[in-house]
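Coordinate-derived values only; no laboratory data. Because the structure is predicted, anything quoted here is derived from the model rather than measured. Cβ placement follows ideal geometry from the backbone for every residue including glycine, while neighbour counts extend to all protein chains displayed.
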Amino acid sequence: MWTGRSSERVATMSRVDQLFEPAPSRPAPLAARLRPDSLEAVVGQDHLLAEGSALRAAIELGRPHSMILHGPPGTGKTTLARLVAAAAEATFEELSAVEAGRAEVRAVMERARHRSGATVFFLDEIHRFNKAQQDALLPAVEAGLVTLIGATTENPSFEVNAALLSRCALYELRALEPDDVRGVLEKALLELPGDGEGDHATAEDGALAFLSARTGGDARAALGALELAAAQGHVTLAVAEDALQRRAVRYDKKGDAHYDLISAWIKATRGSDPDASLYYLAVMLEAGEDPRFIARRMVILASEDIGNAAPQALQVATSTAAAVQLVGMPEGAHALAQCATYLACAPKSNASYAALNAAREHVREHGVEAPPEPLLPGARGVGYDYPHDRPGHVSPQELLPAALVGTRFYAPEGAEPQQAERLAAVRRARGRQTV
């Protein structure tokens, strides 16, 4: 609960919150006790809170504006909302769209209407409100009765009404990096009691590394697991695993395991085994591998190992990379799984890859031959035979340098029947041998 100038500052609770409100003697969860109370204490959101940024300036000047905070769980959406309200010395009203309805929202607006000071209305999970419920917020936002701060883990472009979205600034929070989570956990140990009187809790380095990497950038989840583990004494890796209900995956993203696992994934996928491909993908994801790195390898494999045997594989892979960038994790894992199974099941051909290697090797060994004169640009291209003026859009004109006439680099494989058939027809039309 924030305190400040107004004696009426409250955090409005839903009926469910009131039913399950902790007893006064019970301490708040560790994540709530360690909630940052200043901008300097917020971690992992430097792109939003850098010196001179619009959001930082608004908070420091105490000039709140309506906004939508979009990002994964445990990244600081509620914290930022509270900092906005505290800096503006505004009353902080909080509801969760999971449990609240129109009646609760009307009550918030009614209190704001009779309040002399400003009101910051924080609506968590705003995407859970339907269109009519979101529309009901518009008059209060437009009139400045409340400063609305909506929080959502979903893409607001799809989940928040355009009319409401146009009246709010949109800020995207990022999942915390493992190092950020590690720093939060190390500070938290100093706040947790240890085995001896007056001591603070202790933890193995491996346990902190595990919790930092395996909570997906969610500081709240990491703190909850640490609090549960520390209640049993010194936090070992085994205790941390039990608290998080996950097994630790031995994996160094900068070491051998990083390269071993991606190599295994590539070879399993190239070998057309979707189960093995999914297994190695799961290991990498559970170990906290950067999903963008995996997506890049998928794009490479789509051309290198599938090529023209299934040209759409490259589209699938590039779309997967875009999806991972758009939605982030953990939802991006679904796109990675779809792509992995598609690539594994697709027909394989490395003919284009091998052809390019052969062409490059020829250039390295023999140097560069000048193109035939008709292929040169503009007026220099004397004698160019325009293919579209020929039957079937095929010209018999020689296109390789004179020294390379008859050289073949590309040889379509059995998995590329369309390319093989087309190429044979073109060669016949140009008067070239088809083999």
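Structure summary
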{"quantity": "Lysine pairs with alpha-carbon atoms under 28 Å apart, the chain, spacing 8 or more or separate chains", "calculated": "7"}
{"quantity": "Sequence-separation-based contact order of the chain, relative, with Cα cut under 8 Å and 6+ spacing, percent", "calculated": "11 percent"}
{"quantity": "In the range 35-78, the GluC sites (Glu not before Pro) that fall in loop regions by DSSP, at most 12 other Cβ within 10 Å", "calculated": "Glu51"}
{"quantity": "Rounded if a/c under 1.5, otherwise prolate or oblate - the range 15-172, Cα gyration tensor axes", "calculated": "rounded"}
{"quantity": "Of Phe210, Leu189, Gly233, farthest towards positive along the dipole that unit charges on Lys, Arg, Asp, Glu beta carbons give the range 188-238", "calculated": "Phe210"}
{"quantity": "For Thr215, Thr407, order by how many other beta-carbon atoms lie within 10 Å, fewest first", "calculated": "Thr407, Thr215"}
{"quantity": "For the range 406-423 and the range 188-244, distance of Cα centres in Å", "calculated": "59 Å"}
{"quantity": "Electrostatic dipole magnitude of the chain [Cβ: Lys, Arg +1; Asp, Glu -1; Cα centre; debye, to 20]", "calculated": "1360 debye"}
{"quantity": "Among Pro274, Pro139, Pro64: highest mean-square fluctuation, GNM of the chain, C-alpha pairs under 10 Å", "calculated": "Pro139"}
